[in-house]
Amino acid sequence: MLAHTGTEPHVHTSALQEGLLHPVTGLDHLLMLLGTGVLAAVTGRSLLLPLATLAAMLVGAVAGHYSTEFVGMETLITLSLAVAGLALLPSRQRVLAWLMPALALVHGWAHGVEAAPDAFWQFTAGFVMASAALLAVGFGAGALLRRHQRVRQLAGGGLVAAAAVLFAG
């Protein structure tokens, strides 16, 4: 269920294919990206937040590629879901939304650690492209949710619930 298992490098398909599939096959990654896109739309219609999130993931991937996994990495990744969910609720949306790039850095770091060293750049190109697409889909959904506060709150509650399930699992 989690995209970042830390147990083996990505090697069963081509590195680019693996990178393209990774964001949509890991629930944590998928929800974080969609949630961040929604947040960007509901907090100000700005693409700055998705771009900052994407840049942070790339910087994190490079850092992880040249480093190792760190204690608490999975916890911070799961925390990103809770923050995205809480930010969809009525209070402190803008403050919580801007935590997403910092938490995306951790997602990227996990990619860098887990990617096969000889195929890092191909894998990274794939996950950046797929991540950008998911952020755009989330942004589009957020533009629709801007006018529907109750649905937005349900989506936020769903992200918080998903984080709780991932923490428990």
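The values are calculated or read from the model by the stated rules, or taken from the named source; none is laboratory data. Computed from a prediction, not measured in an experiment: that's the story for all the values here. A quick note on method: Cβ atoms are made from the backbone with ideal geometry, for glycine too, and the neighbour counts reach across all protein chains shown. Calculation scope for accessible area: heavy atoms of the full protein, side chains included, ligands and nucleic acids excluded. Shrake-Rupley method; radii C 1.70, N 1.55, O 1.52, S 1.80 Å.
Put simply, when 23-35, 154-166 are sorted by average Cβ atoms within 10 angstrom per residue, most first, you get 23-35, 154-166.
May I ask for the angle, rounded to the nearest 10°, between helix 120-145 and the longest principal axis of the chain, with both axes built from Cα atoms and the value confined to 0 to 90°? Tilt relative to the chain: about 10 degrees. Solvent-accessible area assigned to carbon and sulfur over region 104-169 amounts to 71 percent, based on a 1.4 Å probe. Using the rule -39500 (n - 2.57) for each DSSP H run of four or more residues, divided by the residues of the chain, the 222 nm mean residue ellipticity is -24500 deg cm²/dmol. To the nearest ten degrees, helix 27-42 and the longest principal axis of the Cα atoms of the chain are 40 degrees apart. How much of the accessible area of region 34-96, probe 1.4 Å, is carbon plus sulfur, in whole percent? C and S atoms contribute 68 percent here. Axis of helix 48-65 versus longest Cα principal axis of the chain: the two differ by about 20°, to the nearest ten degrees. Which log10 I(q)/I(0) values, to two decimals, does region 89-169 give at q = 0.14, 0.15 Å⁻¹ under the Debye formula with one point per Cα? For region 89-169 at q = 0.14, 0.15 Å⁻¹, log10 I(q)/I(0) is -0.66, -0.74.
Probing with 1.4 Å while keeping every protein chain in the model, the per residue accessible area of region 13-131 equals 41 Å².
Restricting the calculation to Cα atoms, the chain shows an Rg/Rh of 0.97 when the hydrodynamic-style radius is the Kirkwood one.
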